[in-house]
Every structure is written in C-alpha cells, then in structure tokens.
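What follows draws every value from the coordinates through simple rules; no lab data is involved. Predicted model only: the values in this text are computed from it and were never measured. Note: ideal-geometry Cβ built from the backbone for every residue, glycine included; neighbour counts use all protein chains shown.
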Amino acid sequence: MAETKNPLFLDRALTFYGEAFDHRSKKAVTRSMTEWAELDEDEQSFAQAHLLFLNIQAQAATQKLLVQVRDLLDEVAEGLTTAIEASLVEPAQEEAEEPEGDDQVEPDLLAQDHAVSGEDEPEEYEIDGEDASEGGS
C-alpha cells in the first residue's frame, strides 16, 4: 500500500518543529519544554508566528478542498434531480400515448358501426336462395 503524501504545510511543520513537538515519550516532551524555555522571547515569538502561518495555510487548503467537495456534491445532486425528473416524466408520457396495435379500433370505424340503423339491416337472410328465417330444408 502506498504511503499518502502529506500536504506541503504539514511537511514544513514537521521539518521545522517535528523534533521539538512530535514526541513519543514523556522524557522527550520534558526535554523539548526545557529547550523552549531556553529560547529568548524573539525566537519564541518567531516560532509561534511561523506555526500560526502554517495553520492558516492548512485552513486555506481545507477550505479549498471543501469547496471542491461542495461543487462535486452539487453536480451529483443536479444529476440525481435530472434522473428523478426523467423517471417521473416517462410513465406520464406512456399513459398519455395510445399504444399502437391490431387490438385497437379506430374511432371512425366505431362511428360507422354505430351509425347503422335498423333500416339498413335486412330482416331476413337468404342462404343459397332459401329463406334463413324459415329454417329451410
């Protein structure tokens, strides 16, 4: 597994102050406190100002990263909204459209079927010259 690279501000802080502040034992902390107390006021002020500067750089990097994350989340939200809207429109369009097929009767044909009046219908049907109503033989 590859080691993650530290941001520049952290590398600088570790380079300048790692030996003084990054301790693993109580003895090392005590030694650093003694060394810090031996620094004159100007040296201590410079170290504090430099650490504050590195802190500001860290905050700026964090702010930049948060803006990038927010922009990505906005893109995801926009894509999700578009997908949801598209999925809601499709069923509505399908219901509005009439399916094409042989099982559908056109309105004109229905009107013609219902337009036939009793006058146009024959009262009796003849089959091969015989009257069907009499049950001919």
Would you mention how many residues in the range 6-28 are closer than 23 Å to residue 58 by Cβ and assigned to a helix (DSSP H, G or I)? 14
Note on the range 77-87: residues of a type in the set (A, V, I, L, M) and exposed (fewer than 10 other Cβ atoms within 10 Å of the Cβ) are 86
